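Engineer: Next up is a structure, given as structure tokens.
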Amino acid sequence: MHKHLIQPILAIGAGLLILVASVWVIDPTDGLFALMAPASAEEELRYAAKPAGLDGPAGQCVVCHSVEKGGPMRVAPNLWGIVGAPKAREKGYGYSAALASAGGVWTKEDLDRYLANPDQFLPGTQKTILGLPNPRERAELITFLATLKN
């Protein structure tokens, strides 16, 4: 009878050993209890700060664009000083042929038409937004963008 008890006990022991080892591998410094504890302030500093402008009119834009003076080029170019700036102004960014050959500067009117429907304003653009159909939201965004200047 003892032979029949040894196999289940060994199986349970092996299962517990695998479970404990997998929890330790997930977080080898503090084990299971570290996974249940909230993140410390020190740990939160490891992650990027929330993009500037995320809670403002440019909330959708800052996912791809930065709005800070001298800010980094993210997936798309920085928007600082965009109103009155030449179209396709950032060197090294892969603009679509439509935008690269558009010429001129970004006026408030051009921005309004572009943001309303990028494909209609510049057929062949690579802009991935469908457009901002609400004229009031576009006006707020363009007013905000116009403040981004020296």
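The values are calculated or read from the model by the stated rules, or taken from the named source; none is laboratory data. This structure is a prediction, so every number in the text was calculated from the model and none was measured. For neighbour counting, all protein chains shown are included, and Cβ atoms are generated from backbone atoms with ideal geometry for every residue, glycine included.
Engineer: Looking at the range 98-139, which of its residues are small (G, A, S) and within 16 Å of Q60 (Cα to Cα)?
Structural biologist: Scanning the range 98-139 gives A116, G131, A139.
Engineer: Sticking with this one: Take the range 103-150 and flag every residue that is outside any helix (DSSP H, G or I) and within 18 Å of S66 (Cβ to Cβ).
Structural biologist: W106, K127, T128, I129, L148, K149, N150 - these are the residues of the range 103-150 that are outside any helix (DSSP H, G or I) and within 18 Å of S66 (Cβ to Cβ).
Engineer: Please work out if G71 is at pLDDT below 90, loosely packed, with under 12 Cβ neighbours inside 10 Å, among the small types (G, A, S) and over 21 Å from I129 (Cα atoms).
Structural biologist: no
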